[in-house]
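Let me begin by presenting the structure, written as structure tokens, before commenting on it.
The values are calculated or read from the model by the stated rules, or taken from the named source; none is laboratory data. Because the structure is predicted, anything quoted here is derived from the model rather than measured. FYI the Cβ positions are ideal-geometry reconstructions off the backbone, even for glycines, and counts take in every protein chain you see. Side chains are part of the model used for accessible areas, which takes the heavy atoms of the whole protein and leaves out ligands, DNA and RNA. Shrake-Rupley method; radii C 1.70, N 1.55, O 1.52, S 1.80 Å.
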Amino acid sequence: MRDDKDYSDIPGTYVFDPQHSMMGYPLNMFCMSLNKAENRDKFRQNETTYLDQFPMTEEQRNAVLNRRWLEMLRLGGNIYYTFKLAIFDGLTMQQVGAMMSGVSEDEFKAMMIAGGRKPDGNRYKSEWEQK
């Protein structure tokens, strides 16, 4: 994560700014390729071979292959693009949100109905150092 931005001090925040966009371009282009049925078929046949056509970093490839959703965002993925992979896997946004939050789908749903995650201890990384 870039430490030179004001929002770098907010834990778990991956702002899709120009730098993040450039970093994630190959990952996002892979995700966009899943818009076409023929590409989904090729990816389904052999994921690793299909990914070879996209110049992703090894970290990005591993995040895709292991479906590490939050890691994809950290590595430059845009949620709207990475969700195309989730749809390919038959997942809902609620299921992916639960995975990213480290809770069950029912817990995630209850958390969202209750207004979302509490901000206490999650506003700034620098707050953690003061304790």
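Just a few scattered comments:
- Among the residues of segment 88-101, those that are part of a helix (DSSP H, G or I), over 26 Å from PRO18 (Cα atoms) and among the aliphatic types (A, V, I, L, M) comprise ALA98, MET99.
- Residue check, PHE54 assigned to a helix (DSSP H, G or I), surrounded by 15 or more Cβ atoms within 10 Å (Cβ to Cβ), modelled with pLDDT of 95 or more and of a type outside the set (A, V, I, L, M): no
- Of the residues making up segment 63-86, not one is open to solvent by 40 Å² or more (accessible area, probe 1.4 Å), polar (S, T, N, Q) and either at pLDDT below 95 or under 11 Å from LEU27 (Cβ atoms) (or both).
- Inter-residue pairs, beta-carbon under 6 Å, first at negative phi and in segment 33-58, second in a loop (DSSP other than H, G, I, E, B), 6+ apart: ARG40/LEU34
- Flag if LEU27 is modelled with pLDDT of 95 or more, out of contact with any Gly (no Cβ under 7 Å at 6 or more places or on another chain), of a type outside the set (Val, Ile, Thr) and open to solvent by less than 60 Å² (accessible area, probe 1.4 Å): no
- Residue in segment 61-87 that is farthest from the chain's Cα centre (by Cα), counting only those that are in a loop (DSSP other than H, G, I, E, B) and not aliphatic (A, V, I, L, M): ASN66
- Within segment 87-109, the residues that satisfy the criterion of being farther than 27 Å from GLY24 by Cβ and open to solvent by 60 Å² or more (accessible area, probe 1.4 Å) are ASP106, GLU107, LYS109.
- Checked against the criteria, LYS109 does not count as out of contact with any strand residue (DSSP E or B) (no Cβ under 8 Å at 6 or more places or on another chain) and either at pLDDT 95 or above or of a type in the set (Val, Ile, Thr) (or both).
- ASP41 over 26 Å from GLU105 (Cα atoms) and exposed (fewer than 12 other Cβ atoms within 10 Å of the Cβ): yes
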